[in-house]
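This report concerns only the one structure given below.
The values are calculated or read from the model by the stated rules, or taken from the named source; none is laboratory data. Treat the numbers as computed from the prediction; the structure is a model and nothing was measured. Here the Cβ is made from the backbone with ideal geometry for all residues, glycine too, and neighbour counts use every protein chain on show.
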Amino acid sequence: MTDGAATAAAPALKLGSTLFSYTNAFLRLDHSFEQLLAQIAARGLGPGVEVIGFQSIRGFPTVTDEFAQRFRELVATHRLEPSCLAINGDVALRRGTRMTTEESVAYHEPQLRAAAKLGFPLVRYQFTASPEVIRQLVPLAERLGVKMGLEIHAPQGVHTPEVLAYREMYARVQSPSLGFIPDFGASARGVPPPYLDILRAQGTPPELIAAALEIWATDDQAPSKRQRLVEVAQGRLDPLKLSALAVIFNMFSPQPAAAWLEIMPQVIHIHGKFYGFDAAGSEPCIPYEELLPVFAKAGFNGFMSSEWEGHMYSLDDGFDMVAQHHALCRRILASSLLPA
Amino acid sequence: MPNLFTEQLIVDGSLRVSPQGLEFDVRLPWYRSLPLSTVEIGELRIDGKAIPTDAISLQVNERRHGARDLADQVEDWWYVLDPGRVRVLAPDLGPSSVTDIELAIHLYPPYIPGLQWVIRNKKSLRAGAALETT
């Protein structure tokens, strides 16, 4: 990962890619899974590689011996490192119903085994896996040597009631298998312009977008933000457009960078969410200049997967976007380690 | 707003016609595989004419399901790279070289309970290979 001479000063936080960033290249059939790994290596967008089981692997959570062996060969050949397997809490497999705790535990078990079989040190899990489901999975995770990290995605933050429930369970169980995965969309300083473009293209009036942005920047929780927007809109927006506008409260939220310090010892991985860059190469909506030094100075030494969600609004294959993100992060990490 | 989910929803060059109706391919408009129970054919118009749900079926893997039965297919997964084959039984469509297809797919991502996600597109497809009647 480093070229010898720089090792002593190398930042401990390690960069990488999630294959989610290259969703367009994959779905367009431009790049197979193997070709994506080769591209990541060729363009220096590793060394960490995060895989979404239900995206990359046919038949997941079943992983054949052949697939596992081939994957291990590929990461060795390309000098990549499996960083995280993203797993899913598909509790509503049947529309309008929810799995029981027992069913949900059973649904997660093979996904944990898949992570171990593929050589991933940890999995990303979602809020749909309740604290009780995760608690019951701890013995298996410990036996497999796989850590489980809750992705703290907007609109959640370290103090929201949902996250506090996991923190309380973690404090009771005290297992090295339990951790958190901050998603930097939960530390946004603004709503990404491409999303505002979508709203404008849908015909949402500019004054309502402006009102929504004002509400967005407050400290309120997402449901109250939504309620305030409903009051401001006063029936001027049809329900579909109103929902599309209110989605910004759920996709991005403005938690200060330093708030992550409170759970820092339990942070096992990061989703480096980003949307675009200004002329200076900075992310206008996610304050990487504030976020990365918080993690680097706290000694976080895991991986951050560069996560571009551009397939929602762009046809770009994602490779250049991740390259720009890595350049930005390297620059910040290098300067954050200089003596003050 | 360009988006591959929308652009690839109706697969170019996939139209096959027969005296009984027509068939075309669709791609799952999501970033990951989903069970068919979370996929709904919201609306289908052929040459501007609304097609009744009972006349529509979808095949992924080896099995074909009536559009109305998709909600029960918890075990049948749609791998994200595989095309699904939509079949429309509509003998009165009449032969035409170009067919307008307007399709809305509703997704219910199983890890986001309560969310309905709508993807819609309209394309004009030229009939290619004849539909094999099996």
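Quick notes
- Residues (of a type in the set (A, V, I, L, M, F, W, C) and within 14 Å of another protein chain (Cβ to nearest Cβ)) located in segment B:13-40: B:Val26, B:Leu28, B:Trp30, B:Leu34, B:Leu36, B:Val39
Residues checked against (1) at pLDDT 90 or above; (2) surrounded by fewer than 18 Cβ atoms within 10 Å (Cβ to Cβ):
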| residue | (1), (2) |
| --- | --- |
| A:Glu162 | yes, yes |
| A:Phe180 | yes, no |
| A:Gly185 | yes, no |
| A:Tyr195 | no, no |
| A:Glu207 | yes, yes |
| A:Ala212 | yes, no |
| A:Asp219 | no, yes |
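- Residue, surrounded by the fewest Cβ atoms within 10 Å (Cβ to Cβ), within segment B:38-63, restricted to residues that are in contact with a Leu (Cβ under 6 Å, 6 or more places away or on another chain) and not β-branched (Val, Ile, Thr): B:Ala55
- Residues located in segment A:287-311, provided they are in a loop (DSSP other than H, G, I, E, B) and under 15 Å from the mean Cα position of the chain (by Cα): A:Gly302, A:Glu309
- Scope segment A:52-85; condition within 11 Å of chain B (Cβ to nearest Cβ) and either of a type in the set (S, T, N, Q) or within 20 Å of A:Gln39 (Cα to Cα) (or both); matching residues: A:Ile52, A:Gly53, A:Gln55, A:Ser56, A:Ile57, A:Thr62
- Leading residue by the ranking (farthest from the chain's Cα centre (by Cα)) among those in segment B:30-67 that are among the basic types (Lys, Arg) and farther than 29 Å from A:Gly53 by Cα: B:Lys49
- Evaluated against (1) under 25 Å from A:Leu208 (Cα atoms); (2) of a type outside the set (Lys, Arg); (3) part of a helix (DSSP H, G or I); (4) free of Cβ contacts under 8 Å to residues at least 12 places away in the same chain, A:Pro265 falls short on exactly one condition, (1).
- Single condition A:Leu140 does not satisfy, out of (1) closer than 30 Å to A:Leu74 by Cα; (2) under 21 Å from the mean Cα position of the chain (by Cα); (3) in a helix (DSSP H, G or I): (2)
- Residue match in segment B:65-76 (condition: under 22 Å from A:Met312 (Cβ atoms), hydrophobic (A, V, I, L, M, F, W, C) and within 14 Å of chain A (Cβ to nearest Cβ)): no
- Segment A:60-119, subset assigned to a loop (DSSP other than H, G, I, E, B) and among the polar types (S, T, N, Q), residue farthest from B:Tyr111 (Cα to Cα): A:Thr64
- Among the residues of segment A:277-286, those identified as surrounded by fewer than 18 Cβ atoms within 10 Å (Cβ to Cβ) and either not hydrophobic (A, V, I, L, M, F, W, C) or not in a loop (DSSP other than H, G, I, E, B) (or both) are A:Asp278, A:Gly281, A:Ser282, A:Pro284.
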